Amino acid sequence: MTYVKVNPRRNPESETTPTTQSQVDFALNVLTLEREAIGLKNVHYLRENGNLVGTLLATSTALTRKIGFIAHMDTAAINAGGVNPQVIDFTGGDIVLDDSGFVLRPTAFPALDGNVGRTLITTDGTALLGADGTAGIAEIMTAMAY
């Protein structure tokens, strides 16, 4: 939930990578500290390209392969600030996005029907949830913590 409240909105007119200071702040002030807290080693931010890297040491000497996980941290260049996520215990039917006037309907989004009984996180309809790249980051961080 912390990640979707961050505004890592990309600036399509920027000639730098990352394209905004908010992306740098997210990497340095949120992700770096969290990576260190879960035990990743060699955590460092590469200013020339905006990459944040870290190493999770193997817990067994029998492991010989390495794997890398990659996710981007920027979101679309539309309103991504002031996000108020809704957490829904989905029982089916329409999902009303707070008081925004927007509704997610299974007729428009058939995949909703396959999520009955699950907990869903949606925008409140006033801003982009920002869960594209940050969802990938959340998955990676959860896997590393596990």
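The values are calculated or read from the model by the stated rules, or taken from the named source; none is laboratory data. Given the structure is predicted, the values throughout are model-derived calculations rather than measurements. Here the Cβ positions follow ideal geometry from the backbone for every residue, glycine too, while neighbour counts run over all protein chains shown.
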Residue selected from the range 20-42 under the condition assigned to a helix (DSSP H, G or I) and of a type in the set (A, V, I, L, M, F, W, C), by the criterion surrounded by the most Cβ atoms within 10 Å (Cβ to Cβ): F26
Single condition V116 does not satisfy, out of (1) within 30 Å of L56 (Cα to Cα); (2) touching a Ser or Thr at 6+ places or on another chain (Cβ under 8 Å): (1)
Matching residues in the range 5-19 - criterion: being in contact (Cβ under 8 Å) with a residue 60 or more places away in the chain and either loosely packed, with under 13 Cβ neighbours inside 10 Å or of a type outside the set (S, T, N, Q) (or both): K5, V6, P8, R9, R10, P12
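Considering only the range 49-58, state which residues are exposed (fewer than 10 other Cβ atoms within 10 Å of the Cβ) and either farther than 17 Å from E36 by Cα or among the basic types (K, R) (or both).
Once the filter is applied, which keeps residues that are exposed (fewer than 10 other Cβ atoms within 10 Å of the Cβ) and either farther than 17 Å from E36 by Cα or among the basic types (K, R) (or both), the range 49-58 yields only N49.
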Among the residues listed as T123, T142, T75, the single one being at pLDDT 90 or above, within 25 Å of N29 (Cα to Cα) and hydroxyl-bearing (S, T, Y): T142
Any chance L129 is among the aliphatic types (A, V, I, L, M) and free of Cβ contacts under 8 Å to residues at least 40 places away in the same chain: no
Residue in the range 54-66 that is more than 21 Å from I121 (Cβ to Cβ), of a type in the set (A, V, I, L, M, F, W, C) and within 19 Å of the chain's Cα centre (by Cα) present: no
The range 108-121 residues that are closer than 13 Å to V87 by Cα, paired with ones that are at pLDDT 95 or above and outside any loop (DSSP other than H, G, I, E, B) (beta carbon under 7 Å, 6 or more apart): T119/D89
Total residues in the range 24-44, condition in contact (Cβ under 8 Å) with a residue 24 or more places away in the chain and farther than 23 Å from L56 by Cβ: 1
Residue count for the range 95-108, restricted to those that are modelled with pLDDT of 95 or more and loosely packed, with under 13 Cβ neighbours inside 10 Å: 4
Check on I95, more than 19 Å from T142 (Cβ to Cβ), without any contact (Cβ under 8 Å) to a residue 60 or more places away in the chain and hydrophobic (A, V, I, L, M, F, W, C): yes
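For residues in the range 112-146 being assigned to a loop (DSSP other than H, G, I, E, B) and within 10 Å of the chain's Cα centre (by Cα), which is surrounded by the fewest Cβ atoms within 10 Å (Cβ to Cβ)?
Ranking the qualifying residues of the range 112-146, first place goes to D132.
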